[in-house]
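Mind looking over this structure? Questions follow.
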Protein chains: 2
Amino acid sequence: MTVHVIETHKAFGGEQRKYRHHSETLDCDMVFSLFLPKQTDNKPTSLIWWLSGLTCTDDNFSQKGAFQKYASQHQLAVVMPDTSPRGTAVADDAGWDLGQGAGFYLNATQEPWAKNYRMYDYLTQELPQLVYSLIPNFSEKESIMGHSMGGHGALVIGLKHPERFRSISAFAPILNPSQVPWGQKAFTAYLGPDEKDWAEWDATSLIAKCDSAQPIHISQGTADAFYEVQLNEDAFLQAAEGKKVSYEKLEGYDHSYFTIASFIEEHLQFHKEFLG
Amino acid sequence: MTVHVIETHKAFGGEQRKYRHHSETLDCDMVFSLFLPKQTDNKPTSLIWWLSGLTCTDDNFSQKGAFQKYASQHQLAVVMPDTSPRGTAVADDAGWDLGQGAGFYLNATQEPWAKNYRMYDYLTQELPQLVYSLIPNFSEKESIMGHSMGGHGALVIGLKHPERFRSISAFAPILNPSQVPWGQKAFTAYLGPDEKDWAEWDATSLIAKCDSAQPIHISQGTADAFYEVQLNEDAFLQAAEGKKVSYEKLEGYDHSYFTIASFIEEHLQFHKEFLG
């Protein structure tokens with residue numbers, strides 16, 4: 001596995017980096033960003049995965065998330081993958097909610113997507129091995145979080161891997177994609193029209209089947225324009241009854257990164273509790 | 001004066017807003033951003049002007065500056081003007097360091113720039129009246145700061161108005177534009193080739209002539225690729241001898257907003273001391 005550093009900026013005593021590599025899984029070149037906290041006294045560094053939303057790249061959270069201060073304080077590395085495979089040879093769609101920038105963190109089974117759209121395998125097999133090798137004094141402890149489509153991704157990947165991720169958090173996640181327009185469009189394209197093939201990629205179905213789930217923290221702005229149609233929490237919270245889920249409404253906050261920046265300290269504090 | 005709110009996002013208990021208005025001074029439509037802190041107990045709100053660098057708009061600092069937390073804590077409004085007049089009817093240049101996005105915060109005297117490029121008048125006469133009217137419980141206390149070309153702007157405007165701005169700060173400012181390539185190119189175009197017309201727009205000339213200047217705080221990254229050629233501090237610090245200038249070198253930090261985000265808390269703390 002070869003990886004090239006293409007940017008590095010000192011930030012809050014640590015390093016905000018950007019890398020390029022060739023992904024075998026996705027059959028294309030990919031970039032990702034990685035924040036490495038200041039190395040203090042050889043303290044072990046834990047890893048948080050941040051998954052971004054529709055239209056985003058690895059840059060949105062690194063530039064607008066305002067997380068680096070707290071990641072440095074808590075000795076946390078944060079990896080920010082891109083949101084889909086990329087490139088002129090990769091299938092795409094004219095809409096901003098399908099194709100490049102909208103990979104939905106799953107493995108597609110339908111043409112023309114199946115060849116490249118394997119973000120789930122990329123994030124659970126190929127990229128971790130690469131990222132682990134880049135973290136000095138890696139504690140081997142991980143948590144996962146994300147925003148909107150990336151909140152869906154964090155819940156799905158987290159719930160499928162309770163042995164790997166100690167905690168999960170999300171801002172304005174698509175909690176029940178099978179039942180909302182964004183998810184129905186993407187799942188029909190990537191997975192086909194048979195809804196029974198969608199369940200394994202739907203956090204509401206997954207949490208209903210879990211014996212126990214990791215601690216989960218979700219923040220949702222009440223002024224989020226996508227809240228009612230795309231992000232409703234009722235089915236998820238019902239399916240999650242008895243699980244360790246805290247669901248917080250943020251009065252007057254919207255779907256933007258200004259909301260994420262405002263509450264990222266609280267989310268990283270939540271993860272730190274379980275990462276030790 | 002008519003002004004339209006075109007965006008508003010709750011952030012850290014306050015509001016991150018974007019406005020559009022028609023500027024008589026610049027003879028074009030302009031946008032600007034304004035952060036209003038949470039109103040607490042009718043406490044008076046002071047105002048900080050942030051001036052951005054080459055190629056920037058009003059968005060760069062609002063999205064990447066990570067300042068809102070501290071502005072809310074200190075009851076500070078922060079206004080972020082654009083960096084030049086804008087629009088298809090406004091003169092421009094193919095280079096990124098001249099024309100739109102590169103107004104240098106001065107009044108141009110040369111064609112084709114003189115008609116629109118009057119950022120100094122805009123920032124000292126027209127825009128303040130508009131911004132003051134938007135701040136609840138305005139304390140009538142102001143400070144000014146900026147980055148790179150905007151650091152030059154903050155120093156020039158601040159030093160010309162000691163009665164108005166209580167403190168000045170800058171990240172990686174162009175301290176002596178008359179003597180460096182960015183400034184020489186812009187000043188020749190906007191002000192003509194006679195260097196004696198440049199002095200009133202050069203912080204090094206201005207501070208040399210001041211009887212006393214406001215407290216000034218400057219941060220400069222040592223890994224800033226523009227440091228040696230464009231941002232050297234020697235002449236400025238020599239001209240500023242005896243004035244209240246603190247000049248801080250940031251080891252390993254570069255010219256990016258990651259540096260600004262890392263030290264914005266310190267800069268706002270500096271201003272807060274003089275804004276009371």
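Enumerate the amide H contacts of B:Leu51 below 5 Å, restricted to partners 5 or more residues apart or on another chain; note that Pro and chain-start residues carry no placed amide H.
Sorted by chain and number, the residues that satisfy this are B:Met145, B:Gly146, B:His147.
About its Cα centre, what dipole magnitude does the stretch A:3-267 give when the only charges are +1 on Lys and Arg Cβ and -1 on Asp and Glu Cβ, stated in debye to the nearest 20?
800
Students often forget the sequence filter, so: which aspartates and glutamates lie under 13 Å Cα-Cα from A:Lys43 once same-chain residues fewer than 8 apart are removed?
Straight-distance partners of A:Lys43: A:Glu140.
Which lysines have a Cα less than 21 Å from the Cα of B:Lys18, not counting those fewer than 8 places away in the same chain?
Here the lysines satisfying the reach criterion relative to B:Lys18 are A:Lys64, B:Lys10, B:Lys38, B:Lys64, B:Lys69.
OK, next. Kirkwood Rh over Cα pairs of the stretch B:1-56 into Stokes-Einstein at 25 °C, 0.890 mPa s: D in µm²/s?
It comes out at roughly 186 µm²/s.
A further question follows. Residue-wise, which Karplus ³J(HN,Hα) couplings in Hz belong to the stretch B:207-216, taking 6.51 cos²θ - 1.76 cosθ + 1.60, θ = phi - 60°, and x for glycine or proline?
For the stretch B:207-216, the Karplus-derived couplings read 6, 5, 8, 5, 5, 9, 10, 5, x, 10 Hz, x marking Gly and Pro.
Okay, moving on. Could you give the nm distance between label points at B:Thr188 and A:Glu248, where each point is 7 Å from its Cα heading toward the beta carbon?
Result for the modelled spin labels: 5.6 nm.
Could you compute the net charge surrounding A:Ala239? Neighbours are other residues with a C-beta less than 15 Å from the C-beta of A:Ala239; K and R count +1, D and E count -1.
Taking every Cβ under 15 Å from that of A:Ala239, the sum is -3.
Ignoring everything except DSSP H segments at least 4 long, calculate the 222 nm mean residue ellipticity for the protein assembly as shown; use -39,500 (n - 2.57) per segment, divide by total residues, nearest 500.
Mean residue ellipticity at 222 nm (helix-derived): -7500 deg cm²/dmol.
To continue, here is another question. Considering only protein heavy atoms and a probe of 1.4 Å, how much of the accessible area of the protein assembly as shown is carbon and sulfur, as a whole percent?
48
Per-residue Cβ counts within 10 Å, from other chains only, averaged over A:253-264: what number is that?
Neighbouring Cβ atoms belonging to other protein chains average 5 per residue here.
Rounded to the nearest angstrom and ordered from largest down, what semi-axes does the equivalent ellipsoid of the stretch B:1-110 get from its C-alpha gyration tensor (root of 5λ)?
Value: 28, 15, 12 Å, ordered largest first.
How large is ³J(HN,Hα), in whole Hz, for each residue of the stretch B:93-107 in order, when computed from phi with the Karplus curve 6.51 cos²θ - 1.76 cosθ + 1.60 and θ = phi - 60°, using x for Gly and Pro?
In residue order, the calculated couplings are 9, 5, x, 7, 10, 8, x, 5, x, 8, x, 6, 6, 10, 9 Hz.
What does the accessible area per residue of the protein assembly as shown come to in Å², with a 1.4 Å probe and no ligands, DNA or RNA counted?
38
Once you charge only the Cβ atoms, +1 for Lys and Arg and -1 for Asp and Glu, what is the size of the charge dipole of the protein assembly as shown about its Cα centre, to the nearest 20 debye?
Using Cβ point charges on Lys, Arg, Asp and Glu, the protein assembly as shown gives about 1020 debye.
What share of Cα pairs, in percent, lie more than 25 angstrom apart in chain A?
41
Lys/Arg Cβ at +1, Asp/Glu Cβ at -1, dipole of the stretch A:1-151 taken about the Cα centre: which of A:Thr88, A:Ala108, A:Leu36 is farthest positive-ward?
A:Leu36
Mind ranking B:Thr83, A:Thr124, B:Thr2 by accessible surface for me, highest first, 1.4 Å probe?
These residues rank, largest area first, as B:Thr2, A:Thr124, B:Thr83.
Would you please give the residues with an amide H less than 5 Å from that of A:Phe138, counting only those at least 5 places away or on a separate chain, with H modeled from the backbone geometry?
Those lying under 5 Å, H to H, from A:Phe138 are A:Thr45.
For the stretch B:145-203 and the stretch B:214-229, what is the separation of their Cα centres, given in Å?
When both Cα centres are located, 14 Å separates them.
Determine, for each peptide in A:13-22, B:258-267, the mean count of other beta carbons within 10 angstrom over its residues, then list the peptides with the highest first.
Going by the mean number of other Cβ atoms within 10 Å, highest first, we get B:258-267, A:13-22.
Another question, then. Could you give me the ³J(HN,Hα) list for the stretch A:28-38, computed from phi with Karplus coefficients 6.51, -1.76, 1.60 and θ = phi - 60°, whole Hz, x at Gly and Pro?
6, 6, 9, 10, 8, 10, 9, 9, 10, x, 3
Per residue of A:5-12, how many C-beta atoms from partner chains lie within 10 Å of its own C-beta, taken as a mean?
Per-residue shielding by partner chains comes out at 6.
Normalise the Debye intensity by I(0) for the stretch A:108-248, one equal point scatterer per Cα, no solvent, then take log10 at q = 0.20 Å⁻¹ and round to two decimals.
-1.25
Taking a label point 7 Å out from Cα toward Cβ, give me the nm distances from B:Thr109 to the same spot in the other copies, shortest first, one decimal.
Spacings between copies for this position, smallest first, are 7.5 nm.
Same structure, new question: Please report, ordered by residue number, every helix of chain A (full DSSP H runs) that is 18 Å or longer along its axis going by C-alpha atoms and whose mean Kyte-Doolittle hydropathy reaches -0.5.
Span-like helices here: A:257-275.
Could you compute how much accessible area chains B and A hide from each other, both sides summed, with a 1.4 Å probe? Nearest 100 Å² is fine.
1900
Turning to a different aspect of this structure: Can you give me the Cα centroid spacing of the stretch B:240-269 and the stretch B:1-62 in angstrom?
Centre-to-centre distance over Cα atoms comes out at 23 Å.
Turning to a different aspect of this structure: Cut-off under 23 Å on the C-alpha distance; same-chain residues fewer than 8 positions from A:Lys244 excluded. Which lysines are left, in chain and number order?
A:Lys141, A:Lys160, A:Lys209, A:Lys272
Under 4 °C and 1.567 mPa s, how fast does the protein assembly as shown diffuse according to Stokes-Einstein, given a Kirkwood radius computed over C-alpha pairs? Answer in µm²/s, whole number.
52
The values are calculated or read from the model by the stated rules, or taken from the named source; none is laboratory data. All values reported here derive from a predicted model rather than from experimental measurement. Methodologically, a virtual Cβ is constructed for each residue, glycine included, from the backbone with ideal geometry; neighbour enumeration extends over all protein chains shown. Quick note on the areas: whole protein, heavy atoms, side chains included, nothing else; ligands and nucleic acids left out. Shrake-Rupley method; radii C 1.70, N 1.55, O 1.52, S 1.80 Å.
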